[in-house]
1. Enumerate the aspartates and glutamates that LYS79 could reach by cross-link, defined here as Cα to Cα under 14 Å, with residues fewer than 8 away along the same chain left out.
2. Any idea what the dipole of segment 27-201 comes to, in debye rounded to 20, about its Cα centre with Lys/Arg Cβ at +1 and Asp/Glu Cβ at -1?
3. How large is log10 of I(q)/I(0) for the chain at q = 0.10, 0.14, 0.16, 0.18 Å⁻¹ when the intensity is taken from the Debye formula with one equal scatterer per alpha-carbon?
4. For segment 76-202, build the charge dipole from Cβ charges (+1 Lys, Arg; -1 Asp, Glu) around the Cα centre, then report which of SER180, LEU108, VAL130 sits farthest towards its positive end.
5. Using a Förster distance of 22 Å, how high is the FRET efficiency between ASN48 and ASN167, based on the Cβ-Cβ distance and rounded to 0.05?
6. Please list 76-86, 186-196 highest first by mean number of surrounding beta-carbon atoms within 10 Å per residue.
7. Which percent of Cα-Cα pairs in segment 88-127 sits in each 10 Å bin, short to long?
8. Between segment 129-150 and segment 175-199, how many Å separate their Cα centres?
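Every number in this text was worked out from the coordinates using simple rules, so none of it is lab data. Everything quoted here is computed from the prediction, not taken from an experiment. Every residue, glycine among them, receives a Cβ derived from its backbone with ideal geometry; neighbour counts consider all protein chains shown.
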Amino acid sequence: MKEVPANFWCWGLIFSALLAGCVSNRDPRVSELEALADSITDQQALLNEPAAERVAEAATWAENNLREFELLLEGGLVKVSKAEGEIISDVSRARRLLKDQAKRRNSLPKSAARAVKQLRELAQAISSGVAQDATGAAIDSAYIVREVQTELGIGRDVIQALSETQNLAVRGIALWEQTSARSDSLQTVCRARLAEALIDGE
């Protein structure tokens, strides 16, 4: 076996130490910006659970069923019990939870992509030590403090919006699944009561 020069190991240790020093000396703000960008990307993927088609189906159900109850109860001819009223309230709550899903799911990916781009570009600017940004503004310490605070705030707001959107969708779909059969039964009962009330009123 060929003998390895003694200074080979020495240089290896020196290189490892230098590399460790570079990593440890990395600006923590860069790591924070990049970590938040990664988190936004991960959180955005959760919008596919549940799928947009499933969310849209639940939203349509809630909208149509609430409207049907409003028509059946219009005029006060049909009376419902407290327990039956709770079913209608669940339909109404599902509608509120799912109402803005389509709008959110259309706009949030754009906001997420913009936030990720800004976070990564700012991290790169800090790492590279460039003197000016794309607009020609000087990148000094005050600039970095201000921009880091701004972009982190925007990124966290995007994550919160993504999380909230998914949470609302999950809760709305759960209400749909729990209430659908009871809603159908109650509408059948209410139609019978309405027909009876109309006959009695003739």
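1. GLU70, GLU196
2. That gives segment 27-201 a dipole magnitude of about 360 debye.
3. Result of the Debye calculation: -0.66, -0.89, -1.00, -1.12.
4. With unit charges placed on the Cβ atoms, the residue in question is SER180.
5. 0.90
6. Working: 76-86: 12.5, 186-196: 15.2.
With the highest mean Cβ count within 10 Å placed first, the list reads 186-196, 76-86.
7. Using 10 Å bins, I get a P(r) of 26, 26, 21, 16, 9, 2 for segment 88-127.
8. Cα centroid of segment 129-150 versus Cα centroid of segment 175-199: 62 Å apart.
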